[in-house]
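The values are calculated or read from the model by the stated rules, or taken from the named source; none is laboratory data. Predicted model, so just to flag it, every value in this text is computed and none were measured. Glycine gets a Cβ as well: all are built from the backbone with ideal geometry, and neighbour counts include every protein chain shown.
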Amino acid sequence: MPPSEHDRRNDDPLQADIEALLAAGRSGDANARGYDDPRAQRDAIRGQGGTGADLPQKDHNGPGQPLRRPPASEAETEASRMTIWDRGDAQYNEAKNSTEWSHKPEVILPTTLPNEPLIDRLMSLRCESSRPKGSQYYPKGTVEALMTAEEIESVIREGRHHLEGAGRRLTDEEVRDYARAAHVQLDDDTESSYRRIFAILVLLKRGWDIVLFIDEGICDKHLPLKTVPVPGAHPDARPKMRLGGDPNTPLAWLSHWPGVDHEGFEREQWLMLAPFFARGQRKSAWLYELPRTVVLPWIEKETEVVRQGGYGLVSKVKIHPGHHTFDLTKASDGMFAVKCFKRHVPNESSSGASTTSRRLTRREFENEIEILNRFSGDVHPHLISLQAAFRHDDEYCVILPWADCDLLEFWKKTDPGSPLDKTNLLWMLDQCRGLASGLLSIHRYQQTETVAHEDGRDYRAEKPFGRHGDIKPANILLFRNQGEPGDRGRLVITDFGLSRFHSDGTKSLSMMNCMVIPSVPRRYTAY
């Protein structure tokens with residue numbers, strides 16, 4: 001019998017890894033909004049612990065930086081040091097208040113008919129995504145803009161009779177206080193409000209139950225929640241929700257929900273959790289670990305494989321402008337190249353074949369992003385600059401700028417004109433000089449880190465010697481700037497899949513052990 005969707009989700013080792021990290025950082029998160037006991041918020045709103053709603057204060061111990069895996073050892077790789085585990089939520093909160101996000105889109109809600117139900121207006125915000133195929137997501141900021149305090153108050157007021165089982169009916173003042181508590185966010189931290197949880201409840205037609213989440217202090221930063229089977233229940237019983245990273249503690253205050261609503265909440269929440277990609281600093285691009293349930297914010301159908309590199313397949317995608325801070329050019333039209341690394345197909349079907357295949361793919365992926373990171377952040381104008389990297393389920397990908405074409409395509413479709421034309425000659429010489437300079441940067445790359453020794457003195461790290469290993473026209477890309485009249489473009493070296501860096505101690509050894517077989521180079525002619 002094939003595994004259910006629930007089984008597949010709960011077998012995801014990456015999701016389990018992320019949840020363990022979240023659990024470590026959520027100790028006492030129910031109190032993170034300024035209450036020693038979540039019931040204190042309920043009592044304050046309902047007049048049992050104060051007058052009106054004592055709205056939460058800033059949590060000074062809350063997440064202020066992107067969630068990263070704690071270092072496992074001193075031998076930690078560059079990739080693991082720059083790993084993001086929270087889908088970029090903390091980076092989004094930082095970027096949306098920054099003036100450096102030049103293309104930050106204005107959130108414009110679609111025009112709706114008078115008295116159109118809130119659920120219909122909410123569903124109209126969805127965007128189609130091609131990854132996974134046929135999936136949908138809510139762009140950043142749209143749900144928060146729609147869910148005003150007035151909308152929340154209206155839903156709670158209409159459904160407050162459903163809450164009478166927990167005590168007396170809420171007064172109008174208490175309804176307003178709950179709506180205000182659900183809407184408020186702390187210091188522009190979107191994750192500290194309840195608006196996304198409220199939107200999920202609206203989709204389940206249980207919007208009034210936001211009161212229960214507020215009483216327990218479970219807000220948007222606790223997403224995603226997870227459904228797990230109930231211990232001791234019938235094998236066919238539907239699973240119930242738990243906090244991520246704490247599958248053994250049931251949410252008893254949701255015990256009255258039917259199982260279908262628990263599953264519906266888990267399904268709908270992922271539409272609210274599309275990742276945000278931030279461009280890193282010089283020589284430090286981010287790596288995002290994304291579980292299989294994440295929907296990628298691609299706003300156009302992903303173009304089929306258009307280029308094939310040494311270790312991967314390259315596709316052309318358009319990323320929603322509200323989900324990244326990468327540089328945009330007029331020539332790219334918001335498009336990016338996403339290179340996904342080929343999976344190794346094992347020759348034998350054995351229990352360890354799949355693990356070995358993933359390990360080989362991961363090794364090639366980490367090798368390339370570590371090398372790309374050395375030149376990311378526009379370190380050299382003629383070397384490709386890594387924007388970000390991500391793992392989505394078992395697929396390893398890097399995000400790169402989109403180029404007009406490679407050098408071979410350029411030769412085929414461009415009239416070279418007169419070989420004696422001064423403009424042509426100057427452009428060609430400038431590009432040759434730039435490519436040679438970029439290649440020299442690889443060959444002479446120097447690691448400038450200072451290593452502290454136990455004797456108290458500092459020592460310089462070894463100087464690596466690099467080589468690209470696969471220079472050919474297909475691995476040289478042409479980038480144009482359409483904003484500059486007469487711009488002929490810039491040639492850039494890409495595809496570092498075969499690149500290697502050697503220290504002084506390994507360079508001579510590797511040269512001795514390599515047998516080089518001369519070959520006749522292919523001749524390219526421009527027409």
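Before we move on, is LEU439 surrounded by 11 or more Cβ atoms within 10 Å (Cβ to Cβ) and either touching a helix residue (DSSP H, G or I) at 6+ places or on another chain (Cβ under 6 Å) or assigned to a helix (DSSP H, G or I) (or both)? So LEU439 passes the test.
The rows are residues; the columns are (1) farther than 16 Å from GLU289 by Cβ; (2) surrounded by 20 or more Cβ atoms within 10 Å (Cβ to Cβ); (3) without any contact (Cβ under 8 Å) to a residue 24 or more places away in the chain.
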site	(1), (2), (3)
GLU368	yes, yes, no
HIS380	yes, no, no
TRP402	yes, yes, no
LYS413	yes, no, yes
PRO419	yes, no, yes
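Considering the conditions (1) touching a residue at least 24 places away in the same chain (Cβ under 8 Å); (2) surrounded by fewer than 18 Cβ atoms within 10 Å (Cβ to Cβ); (3) not in a helix (DSSP H, G or I), GLU116 is excluded by exactly one of them, (1).
Only one entry of ASN93, ASN97 meets the criterion of being in a loop (DSSP other than H, G, I, E, B) and within 24 Å of the chain's Cα centre (by Cα), and that entry is ASN97.
Residues that are out of contact with any strand residue (DSSP E or B) (no Cβ under 7 Å at 6 or more places or on another chain) and either basic (Lys, Arg) or modelled with pLDDT of 95 or more (or both) within the range 126-141 comprise LYS133, TYR138, LYS140, listed in sequence order. Total residues in the range 247-272 satisfying the condition of being within 24 Å of the chain's Cα centre (by Cα) and not acidic (Asp, Glu): the figure is 7. Could you tell me whether the range 136-146 includes any residue that is more than 16 Å from PHE213 (Cα to Cα), of a type in the set (A, V, I, L, M) and in contact (Cβ under 8 Å) with a residue 60 or more places away in the chain? Within the range 136-146 (the criterion being more than 16 Å from PHE213 (Cα to Cα), of a type in the set (A, V, I, L, M) and in contact (Cβ under 8 Å) with a residue 60 or more places away in the chain), the answer is yes, since at least one residue qualifies. Per the listing ALA252, ALA278, the residue uniquely surrounded by 18 or more Cβ atoms within 10 Å (Cβ to Cβ) and over 18 Å from LEU204 (Cβ atoms) is ALA278. One residue alone among ASP177, ASP172 is more than 30 Å from ASP393 (Cα to Cα), modelled with pLDDT of 90 or more and out of contact with any helix residue (DSSP H, G or I) (no Cβ under 7 Å at 6 or more places or on another chain), and that residue is ASP172.
The rows are residues; the columns are (1) crowded, with 17+ Cβ neighbours inside 10 Å; (2) at pLDDT below 95; (3) assigned to a loop (DSSP other than H, G, I, E, B); (4) on the phi < 0 side of the Ramachandran plot.
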| position | (1), (2), (3), (4) |
| --- | --- |
| ILE197 | yes, no, no, yes |
| ILE200 | yes, no, no, yes |
| THR227 | yes, yes, no, yes |
| PRO231 | no, yes, yes, yes |
| VAL260 | no, yes, no, yes |
